[in-house]
Every structure is written in structure tokens, then in C-alpha cells.
């Protein structure tokens, strides 16, 4: 059980070390794009891609449930035919940026997830968003990598551990979702009723 204890301890310490101001800035970014009726684009590779899909589902349903103005969220790693076509015909590094070129608007929000912070396809998409002055959030781990330098807001898991980074990123997405439910449903009492309505 030594792995259990050491893993839990590292996870606790990493969560304790999160920059709460950056998490609040991420919350404000979600509120801004929701108010502006912009679109949130989320993407990542491997486990980070699964986190992007998971978060997208949470905001399409969980955070939007009962709202007239719902969150518009697209996970760029979920359209497999598009990914394969772009990777085959252009390059793997272009799989996210080529999709952003179809959709990105000034009021949108771009969220790149990369444990190392250096995944080339994530970096390229974040660079594109920055060039167009679209707000960005980096979910990164280890030393933060290139996306930490590029992004307006950083959710940085400082542990030198990929699995811890993935755990921390999902914790923060869940915190943001809970904040959206609390803040946006306040006037309709949905914040109090939400959990009771889950079947």
C-alpha cells in the first residue's frame, strides 16, 4: 500500500499548491463567455483528451441544465474522422488548429490541456488563439511547458507526475462546473435543487 499512501499524499499536496487566483480567473472566463454567448473549445491528447471530453459533457449538460442561455462547448478531439483527415493530409500537429480556423470568434474561449505543456498540436492551437486575441486557459502539469507561457490563465499542477496532473485538472473542471451551477442558477434556485433532480 506504499503506492496508495504516496499517491494520495502527492495529490493532496498538489491540490494545496494550486493557485486559487488562477482558478477564480478561469471561473470568470467561463462566466464571461457564457454571458457573451461565445463558444468554449477544449482539447488534449490521450488522458488529457479524455478529460476534455468529460469536461465538455459536464458543461453541455450539468452546468447548462435548467438554463435558457446554455453553455456552448466543443471538444476538438471528439470528431475522429476530422482528426484522421487532418492528421493524414496535413499533419498531427494541425489537428486542433485546423478546426479552430473553421469556428473561432472573438468572444470565444480556448482551453488546451497538456500534462507536459508541450504537446505540439495543443501549442499550435493556443498560439493561433493568442494571435487572434481570443482568451486562453492552459491546463498543464510538470513545469508548465509552452502552453503556460502562451495562456492568459494557467491551471498548473506542479507535481512531476502525469496521473496527478490528470486528476488535478478534472478536480478544477468540477470546481468550475459547481461554480457555474451556484452562480448562474442562483436566481432560479437551481443551485439548491440541482442535485435532487439528478436521476
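Please treat every number below as a calculation from the coordinates, not as lab data. Please read all numbers here as calculations on a predicted model, not as lab measurements. Cβ: placed from backbone, ideal geometry, glycine included. Neighbour counts: every protein chain shown.
Of all DSSP bridge pairs formed entirely within the chain, close to 0 percent run antiparallel.
For the chain, what is the mean residue ellipticity at 222 nm derived from helices alone (per DSSP H run of n ≥ 4: -39500 (n - 2.57); sum divided by total residues; nearest 500 deg cm²/dmol)? Spell out each step's value before the answer.
Numbers: 9 runs with 110 residues, N = 199.
Counting only the DSSP helices, I get -17000 deg cm²/dmol.
Distance between the C-alpha centres of segment 151-181 and segment 27-65: 12 Å, rounded to the whole angstrom. Extension gain, residue 9 to residue 90, is 24.8 nm, computed as 0.36 nm per intervening residue step minus the present C-alpha separation.
For the pair residue 174 and residue 16, what calculated FRET efficiency results from E = 1/(1 + (r/R0)^6), where r is the Cβ-Cβ distance and R0 = 22 Å, to the nearest 0.05? Can you show the working numbers first?
Values: r = 17 Å, r/R0 = 0.76.
Efficiency, rounded to the nearest 0.05: 0.85.
When the square roots of the Cα gyration tensor eigenvalues are ordered a ≥ b ≥ c, the ratio a/c for segment 1-110 is 1.5 or more and a/b does not exceed b/c, which makes its shape oblate.
Build a GNM of the chain with springs between Cα atoms under 10 Å: which of 137, 147, 175 gets the top mean-square fluctuation? Of 137, 147, 175, the most mobile in the Gaussian network model is 175.
Work out, in µm²/s and without decimals, the Stokes-Einstein translational diffusion coefficient of the chain at 37 °C, 0.692 mPa s, Rh from Kirkwood over C-alpha pairs.
Working: Rh = 17.2 Å.
The estimated diffusion coefficient comes to 191 µm²/s.
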